[in-house]
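Just below is one structure, and these are the notes that go with it.
The values are calculated or read from the model by the stated rules, or taken from the named source; none is laboratory data. Being a predicted model, the structure only gives us computed values, none of them experimental. Reconstructed Cβ throughout: ideal geometry from the backbone, glycine too, with neighbour counts over all protein chains shown. Accessible surface areas use protein heavy atoms only, side chains included; no ligands, DNA or RNA. Shrake-Rupley method; radii C 1.70, N 1.55, O 1.52, S 1.80 Å.
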Amino acid sequence: QVQLVESGGGLVRPGGSLRLSCAASRSIRSISVMGWYRQAPGKQRELVASITNGGSSNYADSVKGRFTISRDNAKNTLYLQMNSLRPEDTAVYYCNADIPPVTYWGQGTQVTVSS
């Protein structure tokens with residue numbers, strides 16, 4: 001079991017940057033896959049990026065080259081660095097952790113990209 005708490009969201013202008021953090025209540029060293037998802041109003045939740053405990057990452061096409069996922073096992077924290085933000089990146093961002101057979105979710109953090 002793990003509790004996940006996201007932070008770092010906010011309002012940013014197009015072209016700006018934000019770094020999201022997801023703090024876990026226990027060691028994440030043994031969690032094989034962690035990820036960031038987002039959900040915009042009226043849309044389904046979608047994968048943004050995921051990372052294994054070996055450091056292999058995967059990105060949605062829409063964020064490749066702009067977003068970077070990372071994890072600090074010593075700090076029990078997952079990060080998402082978001083650069084060159086666009087209005088279409090506006091959504092609630094959630095982190096998750098796969099600990100089979102359960103997937104755990106945080107409560108989400110709002111990211112709004114607007115001028």
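With the convex hull drawn over the C-alpha atoms of the chain, the volume per residue is 93 Å³. Here the accessible area of the chain is 47 percent carbon and sulfur, with a 1.4 angstrom probe and all protein chains present. Here the spin labels are modelled as points 7 Å beyond Cα on the Cα-Cβ line, and at residue 72 and residue 46 they lie 3.0 nm apart. Using only the Cα atoms of region 24-63, build the gyration tensor, take square roots of its eigenvalues as a ≥ b ≥ c, and label the shape rounded, prolate or oblate: rounded if a/c is under 1.5, else prolate if a/b is larger than b/c, else oblate. Oblate, because a/c is 1.5 or more while a/b does not exceed b/c. Taking 0.36 nm per residue of sequence separation and removing the Cα-Cα distance, the residue 64/residue 112 pair yields an extension gain of 15.4 nm. Among the trypsin sites (Lys or Arg not before Pro) found in region 61-105, those both in a DSSP coil and sparsely packed, with 15 or fewer other Cβ atoms within 10 Å of their Cβ, are 64, 66, 75.
Charge dipole (Cα centre; +1 on Lys/Arg Cβ, -1 on Asp/Glu Cβ; no other charges) of the chain amounts to roughly 160 debye.
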